[in-house]
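This report concerns only the one structure given below.
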2 protein chains.
Amino acid sequence: MTDTPIRLLLADDHPVVRAGLRAVLETEPGLEVVAEAATAEDAVTRATQGDIDVVLMDLQFGQGMTGAQATAAITARPGAPHVLVVTTYDTDADVLPAIEAGATGYLLKDAPPEDLAAAVRAAATGRTTLAPAVGDRLMHRLREPHAALTLREIEVLTLVAGGLSNQAIGARLYLTEGTVKSHLARIYTKLDVDSRTAAVATATQLGLIRR
Amino acid sequence: MTDTPIRLLLADDHPVVRAGLRAVLETEPGLEVVAEAATAEDAVTRATQGDIDVVLMDLQFGQGMTGAQATAAITARPGAPHVLVVTTYDTDADVLPAIEAGATGYLLKDAPPEDLAAAVRAAATGRTTLAPAVGDRLMHRLREPHAALTLREIEVLTLVAGGLSNQAIGARLYLTEGTVKSHLARIYTKLDVDSRTAAVATATQLGLIRR
DNA sequence: GCCGGCCTCAATCGAAAGTTAGAACCGGCG
DNA sequence: CGCCGGTTCTAACTTTCGATTGAGGCCGGC
């Protein structure tokens with residue numbers, strides 16, 4: 001295990017969090033932090049230079065590209081580093097896009113340092129590590145398909161929760177109002193509700209959307 | 001300024017964030033991290049032992065007491081350390097309770113390390129440091145006297161947030177549907193929105209209704 | 001290749017929600 | 001006391017939303 005170290009890129013817009021990850025991981029043998037990125041765009045360019053084994057990726061960045069988009073951009077090309085998502089939230093709205101984008105693992109920031117190091121080593125070999133809460137959520141999705149909203153549906157419902165009208169949602173997502181309605185109709189049957197506010201209420205309750 | 005160092009307590013439920021704050025602050029001369037706390041309860045007991053000058057307090061903890069409650073408990077007694085809130089969010093629902101609880105400063109976690117160290121030194125002497133976004137928010141509140149909702153309006157809006165229709169709300173509160181609409185119309189003008197879902201969104205953001 | 005989800009769009013029709021314009025009630029104040 | 005501001009209530013009118021039905025394209029599994 002002491003041959004070549006695992007080379008890491010830290011992508012997070014919080015300097016404090018980057019310093020914390022660095023402090024926690026550099027005490028671990030066989031791990032080496034070789035770069036940091038404060039924006040998702042920087043993370044993509046830095047991760048595609050060929051000298052990174054694992055990217056620790058936050059999902060929320062202040063402006064611009066999201067962590068999920070950056071993850072997709074990084075994992076798109078062959079021979080790319082593995083991306084280990086390290087973030088604060090475990091709602092479907094966060095987890096599903098990240099996994100969809102090709103993340104190798106999904107950890108929460110309250111994870112103890114040992115788990116973090118173990119997950120990094122697992123990710124380096126392509127093995128998946130999920131935070132317990134995330135694993136539970138995915139298992140629950142498989143058992144109870146009733147609450148399983150698709151990615152697009154969560155996207156629409158999140159905008160509904162933000163108070164946008166169907167027309168405004170359509171404009172934002174480049175859809176017609178009719179399409180938005182059709183998504184909402186399916187959301188209503190899946191969640192067994194009959195209005196947008198009720199859908200937001202139960203979806204928030206179930207952790208399908210945040211806020 | 002090189003006489004006695006400023007003694008710090010780090011209160012955050014994320015090990016990574018604690019390590020990051022420690023790494024960032026220990027490189028600063030005159031600052032010394034003497035304790036950490038992973039829960040708000042621990043923070044209170046540790047902060048009241050007399051050997052702490054400044055507490056860096058997160059607001060969100062996984063379980064139990066919130067950071068704002070802990071801040072109130074700490075600042076309640078005379079001769080208590082100053083509390084510098086260091087958190088992720090700057091919504092009214094976060095900022096106002098923290099300031100109400102006696103926080104000396106309010107910083108966001110995306111602050112650069114220099115600002116952090118400067119804010120700690122300011123807090124040690126009782127001076128206030130606010131993140132720019134927080135300052136703006138407070139100024140804005142003073143200019144736009146926040147149309148506080150009446151009891152009845154909050155009652156109605158809470159039911160709206162629960163997903164009930166105007167008719168159902170009327171039945172619940174022994175009103176006609178028209179009356180409910182009239183209340184909502186007033187709520188919309190006060191909150192400067194134009195739909196029920198938007199009203200719920202901003203009211204939740206502002207902490208006017210819960211969950 | 002066929003089938004079954006998922007995403008997209010469309011058009012109707014009834015039912016809510018939102019808008020407007022008032023009126024009754026109550027407490028404080030000149 | 002009469003006036004006023006705030007709250008509560010009501011009945012119209014307009015707009016948006018939700019239900020329903022139907023259909024085409026795309027992708028992945030059997």
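A few notes on this one:
- Amide H contacts for B:Phe61 (H built 1.01 Å from N in the peptide plane; partners 5 or more residues away or on another chain; cut-off under 5 Å): B:Gly67.
- Per-residue mean of C-beta atoms belonging to partner chains within 10 Å, peptide A:8-18: 5
- Cα-only Debye scattering, the range A:67-113: base-10 log of I(q)/I(0) at q = 0.23, 0.26, 0.32 Å⁻¹: -0.76, -0.92, -1.20
- With the convex hull of its Cα atoms as the shape, the range B:151-206 has an orientation-averaged projected area of 3.3 nm².
- Derived scalar couplings ³J(HN,Hα) [the range B:118-126; Karplus, 6.51 cos²θ - 1.76 cosθ + 1.60; whole Hz; x for Gly, Pro]: 4, 5, 5, 5, 5, 5, 4, 9, x
- Highest-fluctuation residue, A:Ala98, A:Ala35, A:Ala198 considered, GNM on chain A with Cα pairs under 10 Å: A:Ala198
- Other-chain or far-sequence residues with amide H under 5 Å of B:Leu31's (modelled H): B:Ile6
- Its alpha carbons give the range A:1-118 an Rg and a Dmax of 13.1, 39 Å.
- Peptide A:20-27 shows a mean partner chain C-beta count of 5 within 10 Å per residue C-beta.
- Part-to-part distance (alpha-carbon centres) for the range A:164-180 and the range B:20-37, which is given in Å: 49
- Label-reachable residues, the range A:153-167, where backbone N falls under 20 Å from a point 7 Å from B:Tyr89's Cα toward its Cβ: A:155, A:157-164
- With protein chains left intact and a 1.4 Å probe, residues in the protein assembly as shown average 47 Å² of accessible area per residue.
- Sequence-ordered 3J(HN,Hα) estimates for the range A:51-59 from the Karplus curve with 6.51, -1.76 and 1.60 and θ = phi - 60° stand at 10, 10, 9, 9, 9, 8, 10, 7, 9 Hz, glycine and proline given as x.
- For the protein assembly as shown, the fraction of alpha-carbon pairs lying more than 41 Å apart is 22 percent, rounded to a whole number.
- Take the accessible area of chain A alone and of chain B alone, subtract that of the pair, and you get about 2000 Å² summed over both chains, using a 1.4 Å probe.
- Expressed as a whole percent, the accessible area of chain A that falls on carbon and sulfur atoms is 54 (1.4 Å probe).
- The mean number of Cβ atoms from other chains found within 10 Å of a Cβ in peptide A:194-200 is 6, as a whole number.
- Considered as an equivalent ellipsoid built on the Cα gyration tensor, the range B:102-211 has semi-axes of 40, 13, 11 Å, the largest given first.
- Mean-square fluctuations from a GNM of chain B, with a 10 angstrom spring cutoff on Cα atoms, peak among B:Leu108, B:Leu25, B:Leu173 at B:Leu173.
- Here the sum of -39500 (n - 2.57) over DSSP H runs of 4 or more residues, divided by the residues of chain A, equals -15500 deg cm²/dmol at 222 nm, to the nearest 500.
- Pairs of lysines in the protein assembly as shown (C-alpha under 25 Å apart; 8 or more residues apart or interchain): 4
- Placing +1 on each Lys and Arg Cβ and -1 on each Asp and Glu Cβ, with no other charges, gives the protein assembly as shown a dipole about its Cα centre of roughly 1540 debye.
- Computed label-point distance, nm, for sites B:Thr125 and B:Thr189 using a 7 Å Cα→Cβ extension: 5.0
- Comparing mean-square fluctuations of A:Thr91, A:Thr176, A:Thr104 from a GNM of chain A with C-alpha springs under 10 Å, the top value falls on A:Thr176.
- Within chain A, the proportion of C-alpha pairs whose separation exceeds 31 Å stands at 26%.
- The range A:56-116 and the range B:53-80 have Cα centres spaced 31 Å apart.
The values are calculated or read from the model by the stated rules, or taken from the named source; none is laboratory data. In this text, all values refer to a predicted model and were calculated from it rather than measured experimentally. In this analysis, Cβ positions are derived from the backbone assuming ideal geometry, glycine residues included, and neighbour counts consider all displayed protein chains. The accessibility values were calculated without ligands, DNA or RNA, using every heavy atom of the protein model including side chains. Shrake-Rupley method; radii C 1.70, N 1.55, O 1.52, S 1.80 Å.
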